[in-house]
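Notes to accompany the following structure.
The values are calculated or read from the model by the stated rules, or taken from the named source; none is laboratory data. What you see is a predicted model; the values in this text were computed from it and never measured. Every residue, glycine as well, gets a Cβ built from its backbone with ideal geometry; the counts of neighbours run over all protein chains shown. Note: accessible area is taken over every heavy atom of the protein model, side chains too, but ligands, DNA and RNA are not part of it. Shrake-Rupley method; radii C 1.70, N 1.55, O 1.52, S 1.80 Å.
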Amino acid sequence: LQKPNGLFHHSPEVPFYWGRGNGWMAGAMPLVLKYLPENSRYRPRIMEGYLKMMSTLLAMQRENGMWGQLVDDPESWSESSGTAMFAYAFAEGVRYGWLDADKYGPAMRKAYLALVARMDEWGNVSSVCVGTAAKNDREYYLKRAKVNGDSHGQAAILWLCRTMLETKNG
């Protein structure tokens with residue numbers, strides 16, 4: 001399912017790189033790698049896919065530290081849950097030495113600071129996309145509602161914070 005650029009379409013019938021959909025893959029791969037035995041025959045392919053995805057995501061990070069609702073679409077709005085998931089995937093890669101700390105650490109911190117700036121006084125993060133079914137319509141993704149305090153964003157920020165606290169480069 002992974003495309004040559006390392007990203008994933010929302011579904012086989014939907015050729016869009018939805019932020020949170022890619023976020024689930026970005027967040028899952030370091031978890032799998034963390035627990036998969038070093039000698040597993042699956043490890044090289046998963047690591048290759050992870051590194052390819054991280055490289056593409058690094059190149060697509062916006063100046064504001066965020067990623068778009070549609071990762072590769074500069075006209076899409078900056079979305080918080082995918083951003084938190086991507087920063088978490090960077091943080092785990094730095095933590096385990098799979099990603100260069102000098103290259104990915106600053107991008108992770110930039111995303112973290114952008115997310116913190118979107119939090120209210122109760123810790124609710126804004127601009128989280130509502131639950132999204134796959135649809136072969138670009139406008140559908142661009143016009144999805146943005147909510148505050150949704151667990152999709154809140155949980156991912158907690159993953160990121162935990163990893164940053166456990167990582168020297170956080």
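Of the candidates LYS103, LYS52, the single residue that is more than 25 Å from TYR140 (Cβ to Cβ), part of a helix (DSSP H, G or I), in contact with a strand residue (DSSP E or B) (Cβ under 8 Å, 6 or more places away or on another chain) and open to solvent by 20 Å² or more (accessible area, probe 1.4 Å) is LYS52.
Within the stretch 107-119, can one find any residue that is open to solvent by 30 Å² or more (accessible area, probe 1.4 Å), modelled with pLDDT of 95 or more and part of a loop (DSSP other than H, G, I, E, B)? Yes: one or more hits. Is there any pair with a first residue in the stretch 102-114 that is free of Cβ contacts under 8 Å to residues at least 60 places away in the same chain and a second that is outside any helix (DSSP H, G or I) and not polar (S, T, N, Q) whose Cβ atoms are under 7 Å apart and which are 6 or more apart or on different chains, and what are they? If the second residue must be outside any helix (DSSP H, G or I) and not polar (S, T, N, Q), the pairs left are LYS110/GLY65; ALA111/GLY65; ALA111/MET66; LEU113/GLY65; ALA114/GLY65; ALA114/MET66.
Being farther than 24 Å from PRO15 by Cβ and either open to solvent by 40 Å² or more (accessible area, probe 1.4 Å) or part of a loop (DSSP other than H, G, I, E, B) (or both) is a condition met by at least one residue of the stretch 136-148. Scanning the stretch 66-86 for residues that are surrounded by fewer than 24 Cβ atoms within 10 Å (Cβ to Cβ) and under 19 Å from HIS9 (Cβ atoms) yields a count of 7.
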